[in-house]
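Enquirer: Here it is, the structure in full.
The values are calculated or read from the model by the stated rules, or taken from the named source; none is laboratory data. Every value quoted in this text rests on a predicted model; they were computed, and no experiment measured them. Virtual Cβ from ideal backbone geometry, glycine too; neighbours counted across all protein chains shown.
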Amino acid sequence: QQQQQQQQQQQHVELLEGNALELEWPKSVDYVVAFYVLDIWSPDETERFLQKARASLVKNEGKLLIVSLAPPIPDNWISKIVMGLWTSLYRLSSTLVGGCRPIELSMNQRLGWKLEHCHR
């Protein structure tokens, strides 16, 4: 029975819902997941979120998973065309692309993040 309780504790997942910029974050988490959020926030809001995430993740060497629009992949002409059109539409009227803009990953490096990419 004690072994079963230990296994249940190890498999514990807590999902926090709400505005990530206003939530009271736990002091330590293993993962933070952000799906298509950073590209609709302002750069200041994005930076605030990344700082909060870093403060909670650093104790467990946790990971931040970001799924988002990003600048084009070097040497990929299709990516360059799509992101060029997307960026032009965003500048014309952000509502044309749902308010989403490619995010600059260099900001993450400035905040001390180690970047791992997965392009598909």
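Enquirer: Of everything in segment 27-63, what is touching a helix residue (DSSP H, G or I) at 6+ places or on another chain (Cβ under 6 Å) and over 28 Å from ARG91 (Cβ atoms)? Give them in sequence order.
Expert: Within segment 27-63, SER28, VAL29, ASP30, VAL32 meet the criteria.
Enquirer: Still on this structure: Of everything in segment 68-119, what is exposed (fewer than 15 other Cβ atoms within 10 Å of the Cβ), assigned to a loop (DSSP other than H, G, I, E, B) and at pLDDT 75 or above? Give them in sequence order.
Expert: Hits for segment 68-119 are ASP75, ASN76, SER93, GLY98, GLY99.
Enquirer: For segment 60-101, which positions are of a type outside the set (Ser, Thr, Tyr) and under 15 Å from the mean Cα position of the chain (by Cα)?
Expert: First pass over segment 60-101, keeping only residues of a type outside the set (Ser, Thr, Tyr): 60-67, 69-78, 80-86, 89, 91-92, 96-101.
Selection gives GLY62, LYS63, LEU64, LEU65, ILE66, VAL67, LEU69, ALA70, PRO71, CYS100, ARG101.
Enquirer: Name the residues in segment 12-46 that are over 19 Å from LYS63 (Cβ atoms) and either surrounded by 12 or more Cβ atoms within 10 Å (Cβ to Cβ) or in contact (Cβ under 8 Å) with a residue 12 or more places away in the chain (or both), would you?
Expert: Across segment 12-46, the qualifying residues are LEU21, ASP39, ILE40, TRP41, PRO43, GLU45.
Enquirer: Being of a type outside the set (Gly, Ala, Ser) and not in a helix (DSSP H, G or I) is the filter here; which residues of segment 38-61 pass it?
Expert: Matches in segment 38-61: LEU38, ASP39, ILE40, TRP41, GLU61.
Enquirer: Please count how many residues of segment 21-37 are in a loop (DSSP other than H, G, I, E, B) and closer than 18 Å to LEU69 by Cβ. Explain how you work it out, then say what you get.
Expert: Initially, segment 21-37 is screened for residues in a loop (DSSP other than H, G, I, E, B), giving 21-30, 36-37.
Within this subset, residues satisfying the condition of being closer than 18 Å to LEU69 by Cβ are 36-37.
Of the residues in that region, 2 qualify.
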